[in-house]
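Let me begin by presenting the structure, written as structure tokens, before commenting on it.
Throughout, read-outs are computed from the coordinates displayed, never taken from laboratory work. Predicted, not measured: the structure shown is a model, and the values here were computed from it. For neighbour counting, all protein chains shown are included, and Cβ atoms are generated from backbone atoms with ideal geometry for every residue, glycine included.
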Amino acid sequence: MAARVPTPLTSLIGREREIAAVAAMLVGKSGRLVTLVGPGGVGKTRLALRVAAEMADSFPDGVTFVSLAPITDPRAVGSTVAQALGMRGVGDAPLTDRLAAFLGDRHLLLVLDNFEQVSEAAPLVVDLLGACPNLAMLVTSRGPLRVSGEQQFLVPPLALNPREETSGTTESAEIEAIRLFVERARAVDSDFVVMSESAKVVAEICRRLDGLPLAIELAAARVKVLPPPAMLARLERRLPLLTGGPRNMPARQQTLRAAIAWGYDLLSPTEQALFRWLAVFVGGCPLEGAEALAAGIQPRLGVLEGIDSLLDRSLLRQETLDGEPRFGMLETVREFALERLEEAGEEDAARRAHAGYYLALAEMAEPELTGPAQIAWLNRLEAEQHNLRAAFGWTLERNEVELGLRLAGALMRFWEHHSHFSEERRWLDRALTRREQVSAPVRAKALHTAGVLAMGQSHYVQATAYLSESLALFRSLGDRYGIAFALNRLGTIDLYTGDVERAERRFEEGLALMREVGDQDGIAALLGQLGYAALLRGQHDRAVTSFEESLQRYRDLGSRLGSGKMLDNLGRALLEQGDDARALCLLEEGLDLNREAGNRWYIAECLEALAVAESRLGAARRGAQLWGAAEALRETIGAPVPPSERAHNERWLAEIRSRLDDSSFTTARSEGRAMPWEQAVARAAADDRLLPPSSPIITGNGGHELLTPREHEVLRLLAAGHSNRAISEALFISVPTVKVHVTNLLTKLGVESRSAAAAQAHRLGLG
């Protein structure tokens, strides 16, 4: 498992002693659970990130960072951890059991950040540590977990020397708090310097802020407006007024609150309103999200100017996602902003605007999820998952059922393709208890979504009930598209449960309706379903014809998701016909598309079919590895082979087993099961396979070489003058993958340029 640790954009000042101490605790005999304890803003997260980065080599299976800041429900901790680990799972087994099975005996460090707000989930930590002997956890929390085996480490403020020792710049440079202030001040004022007198002032500022890193950074960001002497004078006036927090809160947290309030008071009234309203975003927001909320603030303000002001005062932070700016708050700052929002009586208006923005975003994304931009939109929605959940949760709290069910209906494809089933299904079930309050079209779509989520978890009885009610509503409305959509899903359940004849009747009716309304995506989907039914009947020629027509329609639409699924289906049908080399080529292409889309169910199916193709083409050991990897991936996501396909898969497995002795098969299969799925996909795509002897031989300067099926296709397009981007679009593979193929081609052909490779291809009749 690859390390997943965020890289901070600013350096960590000091903390060498703390890093060494925590690292020693983690590698000690009783160091499997270490909790970094301290007040908000003391730097627990930064220390945890540094320790994790320093210790990455000590954990062969990597380090995974899990931010719990966006959640408040302890029941959501397990699913958040599972998502961070790459488990977008379904299935009936308890989530804790599936997490334990996934982690197994892996040597892994799990960093759980901001645990204090979900402290009731502490038993999950104990259960996982008990079940996974090589798992270690580093937890950050404002208070201890109070469970057996826990080692607590109190994170202190940054080092501060006594006043009399802070007499000059040399000594000051060694004080961690002053070093932090100076570095952050120079980030906003490159001319900032510390002289003897100003060093004493800066030291006193840091002392007044109790050495808390966040408070120091907030203060340092103001040096353009307030030189240190003026800043110190302001702190003298403000701190006494801002230390009257709850008596049960740590004194340092009261000081941190004062620092945040001080920065807030520097804002203009409209900037303060923007700050308050932005707090409703969970995990940040894009610029257009901030603009959407700002439209409800009176008087109106320039959003860019307001955000720039918040950034300057360290009340907001900026990240970049896919080249686009994204703005968010540290959680301690966000807590302060939410308090101010409630005090101003604006919380309901801000959350309503937030929910309205995400409803508009979801409904904008919905039609794009079947076209050429679908991957970009899926990724965009994934980045907003916490906000989408918050918006849906607000609709439940405020009984805004119509708005919530519209949101659920628009998000159906996203939730399905990225396997967001459990929490969404629980919330949607709750909302649907009040479905009589909403209009029939909204109710029908929401019921359809609920059916899809239940089907994704193999709960076919509940799925059938929801989908049947949805179908009845669509029929009463005369909604031909909705009718066809519901028939497709109900037919899929029929296939999974073995009633192929009824499934075909549903698919035929749905296909006729899709042709009437002219929905090309729906036509492609139902053609694929009819092909799948034919495949289950053993009618392979008919299946190939349906899959090929469906694939062409998906290609015409630019649907990479649909194309990936149909390439998998077509490859399976060709394997049944014995056309192994062509099947291999199509399955590789399908695997690449499914990897890009992040659809792990389809990835598992592709790996199974590729395992058979590899085995038949002389790479039985690799085939056994891929089969083992597919088995492990299915277990991880909780997606077992449907009942209708089990006998078929058992036959394929027996075929792979027959090509190896028992020991070799068992070893290779176990190797595959131990692979992270990303590694298995890379193994499947490796270009170290030769075509059968009947394939064309390419002669280069370096001798005789056989090209892979994919390399043949790339070479033909290269010889026709296509760029890497054009080849990528023609073959539905990524540009980096094309680059790898071109490099391999140049090597095998013994040439140094694309033009020379094209000339060689023309001489060989491959142009």
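Here are some notes:
- Exposure proxy order (Cβ contacts within 10 Å, fewest to most) of 200, 565, 748: 200, 748, 565
- Averaging the sequence gap over all C-alpha pairs within less than 8 Å and six or more residues apart, then dividing by the number of residues, gives the chain a relative contact order of 8 percent.
- Using every pair of distinct Cα positions in segment 397-461, the Kirkwood expression returns a hydrodynamic radius of 11.6 angstrom.
- Reachable lysines, given that their alpha-carbon falls under 30 Å from the alpha-carbon of residue 224 and they are not under 8 places away in the same chain: 44, 200
- Residue 72/residue 300 FRET efficiency (R0 25 Å; Cβ-Cβ; nearest 0.05): 0.20
- For residue 639, nonlocal amide neighbours, meaning residues 5 or more places apart or on other chains whose placed amide H falls under 5 Å from its own, are 90.
- A simple rule links phi to the HN-Hα coupling: the Karplus curve 6.51 cos²θ - 1.76 cosθ + 1.60 with θ = phi - 60°, which for segment 516-524 gives 5, 8, x, 8, 5, 5, x, 4, 4 Hz, with x for Gly and Pro.
- Percent of Cα-Cα distances greater than 33 Å, calculated over the chain: 59
- Farthest toward positive dipole pole in the chain [+1 Lys/Arg, -1 Asp/Glu at C-beta], among 620, 301, 193: 193
- Under-5 Å amide H pairs with residue 33, H placed in peptide plane, nonlocal only: 137, 151
- Taken about its Cα centre, the chain carries a charge dipole of roughly 520 debye when the Cβ of each Lys and Arg holds +1 and the Cβ of each Asp and Glu holds -1.
- Segment 349-371 versus segment 622-653: alpha-carbon centroid distance in Å: 37
- Against the chain, whose longest principal axis is taken from its Cα atoms, helix 401-410 shows a tilt of about 50°.
- Relative packing of peptides 492-499, 641-648 - highest average C-beta neighbours within 10 Å first: 492-499, 641-648
- Residues of type lysines that residue 739 reaches as a straight line, Cα spacing below 18 Å, ignoring anything fewer than 8 places off in the same chain: 748
- Relative contact order, percent, segment 255-387 [alpha-carbon distance under 8 Å, six or more residues apart]: 29
- Taking only the Cα atoms of segment 596-685, the ratio Rg/Rh comes out at 0.94, with Rh defined as the Kirkwood radius.
- Taking the inverse of the mean reciprocal distance over all distinct Cα pairs, the Kirkwood hydrodynamic radius of segment 16-154 comes to 15.0 Å.
- Over segment 394-536, relative contact order from alpha-carbon pairs under 8 Å, at least 6 apart, %: 17
- Applied to segment 568-577, the Karplus parametrisation 6.51 cos²θ - 1.76 cosθ + 1.60 on θ = phi - 60° returns per-residue 3J(HN,Hα) values of 4, 4, 5, x, 5, 5, 5, 4, 5, 8 Hz, with x for Gly and Pro.
- Dipole of segment 596-685 [Lys/Arg +1, Asp/Glu -1 at C-beta], most positive-end residue of 675, 599, 611: 611
- Helix 754-763 axis versus longest C-alpha principal axis of the chain: approximately 0°, rounded to the nearest ten.
- Taking 0.890 mPa s as the viscosity and 25 °C as the temperature, the Stokes-Einstein diffusion coefficient of segment 307-409 based on its alpha-carbon Kirkwood radius rounds to 160 µm²/s.
- With only Cα atoms counted, segment 339-391 has Rg and Dmax values of 14.0, 46 Å.
- Look at where the Cα atoms of segment 661-679 and of segment 98-133 average out, and the two centres are 26 Å apart.
- Against the empirical curve 2.2 N^0.38 Å, the C-alpha radius of gyration of segment 73-148 lands at a ratio of 1.04.
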